[in-house]
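Participant: Please see the structure below; I have some questions.
Taken together, the values in this text are just the output of simple stated rules run on the coordinates, not laboratory data. Just so it is clear, the structure is predicted and the values come from calculations on it, not from any experiment. Ideal geometry is used to build each Cβ from the backbone, glycine not excepted, and the neighbour counts take in all protein chains shown.
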Amino acid sequence: MKKIVLLSIASILISTSFVSAGGVATGVKIGTLGLGADVTIGLHERLNLRLNGNYLSYDYDDEIDDIEYTLDLDFKSGMALADWHPFANGFRITGGAIFNENGITMDATPTKNKEIGGRAYTPAQIGTLHGEIEFDNVSPYAGIGFGHAVGENQRLSFIFDLGVIFQSYEFDLSSDGLAAQLPQFQADLAEEEKDVQDTLDDFKIYPVIAFGIALKF
């Protein structure tokens, strides 16, 4: 995916000599997708094409269904966006797609008896619970924002994005405890997987908030 995004950016930059309106700008930003970089191509007074890449990695602890998990987020994404400035000023409406290698892993090692699928098990029977979330490679994005990176009579501009990514994912929960191979435990673990997934469904609509600056060439 990284190669595809880099090649897309390179091809568009090469073709900018054929773009008569707007010019080209690059920007950096930070937000809920992590650290990011933009390339904006002016196609028309009110329409720009924007490509960006983002990276975010961090860990945090969260209690899900009465079990304490450590979640490791590893977000690597690229976006292809169209920015429409309906009033020919800084306000814009944005639509496009995100191409991602986003993933989340989650681990829990209980130290006391816990219910798995509604049935109590000891720490030895449970062992370590390991979950993996894999998102779709392509998801739609919609949002609004402020800042016209290739606007007239400006070299440096501040940019702001506010939007959402509509994404689906697959979730898998496994265990390495003494009971891991027992049919009853496997059935209970499948039920636990559904309960955890209901909590994780917040990730289906992921908010995007980002601030940054852009420099026009």
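Participant: Please tell me the relative contact order of the chain in percent, rounded to the nearest whole number, where contacts are Cα pairs under 8 Å and at least six residues apart. Please list the in-between numbers first.
Facilitator: Working: 538 pairs, mean separation 44.6, N = 217.
Normalised by residue count, the contact order of the chain is 21 percent.
Participant: In straight Cα distance, which aspartates and glutamates are under 15 Å from Lys112, not counting same-chain residues fewer than 8 positions off?
Facilitator: Lys112 reaches Glu63, Asp65, Asp66, Glu68.
Participant: Residue by residue through the range 132-140, what is 3J(HN,Hα) from phi via Karplus (6.51 cos²θ - 1.76 cosθ + 1.60, θ = phi - 60°)? Round to whole Hz and write x for glycine and proline.
Facilitator: Rounded to whole hertz, the list is 9, 10, 10, 8, 4, 5, 10, 9, x.
Participant: Additional query: For labels at Thr199 and Leu43 in the simple 7 Å Cα→Cβ model, what's the distance in nm?
Facilitator: Result for the modelled spin labels: 4.3 nm.
Participant: What ranking do His148, His85 get, fewest neighbouring Cβ atoms within 10 angstrom at the top?
Facilitator: Working: His148 26, His85 19.
Listing His148, His85 from fewest to most nearby Cβ atoms yields His85, His148.
Participant: How do Leu56, Leu81, Leu33 line up, fewest other C-beta atoms within 10 Å first? Could you put the intermediate results ahead of the total?
Facilitator: Details: Leu56 17, Leu81 23, Leu33 26.
Fewest-to-most Cβ neighbours within 10 Å comes out as Leu56, Leu81, Leu33.
Participant: Could you tell me the calculated FRET efficiency between Ser174 and Leu215, based on Cβ-Cβ distance and R0 = 35 angstrom, to the nearest 0.05? Please list the in-between numbers first.
Facilitator: Numbers: r = 47 Å, r/R0 = 1.36.
Result of the calculation: an efficiency of 0.15.
Participant: Of the GluC sites (Glu not before Pro) in the range 113-188, which ones lie in a loop per DSSP and count no more than 12 other C-beta atoms within 10 Å? Mind showing how you got there, number by number?
Facilitator: Details: sites: Glu115, Glu132, Glu134, Glu152, Glu170; in loops: Glu152.
Qualifying residues, ordered by number: Glu152.
Participant: While we're on this one: Relative contact order (percent) for the range 122-217, with alpha-carbon contacts under 8 angstrom and 6 or more residues of separation? Spell out each step's value before the answer.
Facilitator: Details: 152 pairs, mean separation 37.7, N = 96.
This gives 39 percent for the range 122-217.
Participant: Identify which of Phe203, Phe160, Phe87 has the largest mean-square fluctuation in a Gaussian network model of the chain, with springs joining Cα atoms closer than 10 Å.
Facilitator: Sorting by GNM fluctuation, first place goes to Phe87.
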